[in-house]
Amino acid sequence: MLLTISTTHHPASDLGYLLVKHPDRCQTFDLAFGKAHVFYPECGDERCTAALLLDLDPVGLVRGRKAPGAATLGQYVNDRPYVASSFLAVAISQVLGSAMGGRCKGRPELAEQAIPLDVVVEPVPARGGEVLIRRLFEPLGYEVDVTRHALDAAFPSWGESPYYRVELKGQQRMRDLLTHLYVLVPVLDHEKHYWVDEAELAKLLAKGESWLQGHPERELIARRYLYRQPRLARQAMAQLVEEDGVDPDEKTEAGARREDVLEERIRLDDQRRGAVLAVLKEAGARRVIDLGCGEGKLLRALLDDKQFEHVVGMDVSPRVLEMAAKRLRVEQMPPRKRERLQLLHGSLTYRDERLAGFDAACLVEVIEHLDVSRLQALERVVFEFARPATVIVTTPNSEYNALFETLPAGSFRHADHRFEWTRDELQRWAQAVADKHGYQARFLPVGPAHPELGTPTQMAVFVR
Ligand code: SAH
């Protein structure tokens, strides 16, 4: 199996420092279950790629292990030597351990920096398929590209295999990328090569650090990682949710019941939040205001990431703000976290000095709740008076509505929507706003793309 990590950070050859592996050398490492080779298929100033190739010894994997019952053919003939599994995780920790720990003597500042990364892992066995791959990686800020392999390319009628090529693109610190792979590749595979014990639990919590706590799928991740050990999974959840004080048993059990249903459904909401977080991270925003914050899911994700030093939620509805405070468990929040958060009651259509002084403002699924005639007021409040360096606006793409079978033609997705725009309509509005107020606008798709109709959500990013 092959893992490649490419960057276009300048100079790209600094990848060698980050991974603590010299780009001019091809190195081989002996592991308990085979060999790991590290080499650089390309290394220039513009782009550099490092490859980790695992060459597992299928016989060695079986030798010395006490098989339950008689030896079976399955012990020798299986996919384990060829797929990205927990062996890859072990190889990453043994061969790229310094990089995963964020240790980089040559370029210490670079190890702390999020740089553009393009990562390919293949083949990945994924129980839960493309939907699960996306649900695990998109909330972490990756753009995910998934290709499913046929069982046998020579015999298409045999159908699809459970193996995927997974490509992840995003702005990440190297240590974060490696810990994401370390935890999530075995979660996708859902098959452990050794018995899970307390040490595994410690590893999960250590490697998952803060991102796991804020991950919308943390229950599924903990449960699958600690496969067949519900007690440990519960313990992990207890530690992960300590801060927000949710009863771990309740969450794990509810999570288990929901898992099957969830795995079938693409959660646009999470993808949207993942996309917003990725843009905020890329922009290096520290002070963020969520305008029309609703019940505060984005606020929660922001608070879980220490990059965001000051997080403010604003909404016109006092009832919604009360719910946000309750769901975020503001009362029980540790003081250091509590200090970073502020909830404001206000309207986007009235000039408000409290909205000034932020690095970024988010309007996630908000503009369509205002009458078109009030948009101009919103424009002035946000772009003329508040004037954050970055503004992120998401709204439904009405072209995509044709794909919702239960939605009658011409109606909106939500009863309270005053309008829904095509991609062209959003782009025309956003471009005009940007021109008028001295911003640059760019547009990003969010969610699964249809070749003609685009994605369910559209995003405009304004940068001053
Ligand atoms: N951003 C949240 C909520 C979207 S729903 C999310 O993505 O989940 C739209 C929210 O905008 C509601 O909470 C609504 O109360 C709020 N809203 C509507 N008009 C507003 C206005 N004029 N000023 C501030 N918030 C407003």
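Observations on the model:
- Average accessible area per residue (Å²) across the chain - probe 1.4 Å, nucleic acids and ligands excluded: 47 Å²
- Among the protein heavy atoms of the chain, carbon and sulfur supply 51% of the accessible surface, probe 1.4 Å, non-protein parts ignored.
- Spin-label model distance (nm) - ASP55 vs ALA402, 7 Å beyond Cα toward Cβ: 5.3 nm
- Computing FRET efficiency as 1/(1 + (r/R0)^6) for TYR82 and GLU42, where r is the C-beta to C-beta distance and R0 is 25 Å, gives about 0.55.
- The long axis of helix 423-437 is offset from the longest Cα principal axis of the chain by roughly 60 degrees.
- Relative contact order computed over segment 2-194 (Cα-Cα under 8 Å; 6+ residues apart), in percent: 24 percent
- Of SER373, THR49, PHE155, farthest towards positive along the dipole that unit charges on Lys, Arg, Asp, Glu beta carbons give the chain: THR49
- Full extension of the chain segment joining ALA202 with GLN342 gains 47.0 nm, where the gain is 0.36 nm per residue of separation less the Cα-Cα distance.
- Extension gain (nm, one decimal) between LEU2 and GLU425, 0.36 nm per residue minus Cα-Cα: 148.0 nm
- Note: relative contact order over the chain, using C-alpha pairs below 8 Å and six or more positions apart, is 10 percent.
- Taken one residue at a time, the phi angles of segment 163-171 give Karplus couplings (6.51, -1.76, 1.60, θ = phi - 60°) of 10, 10, 9, 10, 10, 10, 10, x, 9 Hz. Gly and Pro are set to x.
- Computed from backbone phi with θ = phi - 60° and the Karplus coefficients 6.51, -1.76 and 1.60, the 3J(HN,Hα) list for segment 94-109 is 8, 8, 10, x, 4, 4, 5, x, x, 8, 8, 5, x, 9, x, 5 Hz; x is used for glycine and proline.
- Simple Cβ-charge dipole of segment 2-194, Lys/Arg +1 and Asp/Glu -1, about Cα centre, in debye nearest 20: 740 debye
- Anisotropy class of segment 254-463 from Cα gyration tensor, a/c 1.5 cut: oblate
- Descending by average beta-carbon neighbour count within 10 Å, the peptides 313-321, 372-380, 354-362, 133-141 line up as 133-141, 354-362, 313-321, 372-380, the highest first.
- Unit charges at the beta carbon, dipole of the chain: most positive-side option, GLY296, ALA84, ALA202: ALA202
- Cβ-Cβ distance of GLU384 and GLU353, R₀ of 22 Å, FRET efficiency by 1/(1 + (r/R0)^6): the value works out to about 0.95.
- Charge dipole (debye, nearest 20) of the chain; +1 at Cβ of Lys and Arg, -1 at Cβ of Asp and Glu: 1000 debye
- Across the options GLN332, THR349, SER317, the greatest Cα extent toward the positive end of the charge dipole of segment 316-359 (unit charges at beta carbon of Lys, Arg, Asp, Glu) belongs to GLN332.
- Cβ crowding within 10 Å averaged over residues, with 151-158, 33-40 ranked highest first: 33-40, 151-158
- Dividing the convex hull volume of the alpha-carbon atoms in the chain by its residue count gives 174 Å³ per residue.
- Counting only protein heavy atoms and using a 1.4 Å probe, the accessible area of GLU42 comes to about 70 Å².
- A 1.4 Å probe, protein heavy atoms only, puts the accessible area of ASP304 near 30 Å².
- Degrees, to the nearest 10: 230-240 long Cα axis against longest axis of the chain: 40 degrees
- Extending 7 Å from Cα along the Cβ direction at ALA432 and again at VAL463 yields two label points whose distance is 2.5 nm.
The values are calculated or read from the model by the stated rules, or taken from the named source; none is laboratory data. None of these values were measured; they are calculated from a predicted model. Reconstructed Cβ throughout: ideal geometry from the backbone, glycine too, with neighbour counts over all protein chains shown. Surface accessibility is based on the protein's heavy atoms, side chains included, excluding ligands, DNA and RNA. Shrake-Rupley method; radii C 1.70, N 1.55, O 1.52, S 1.80 Å.
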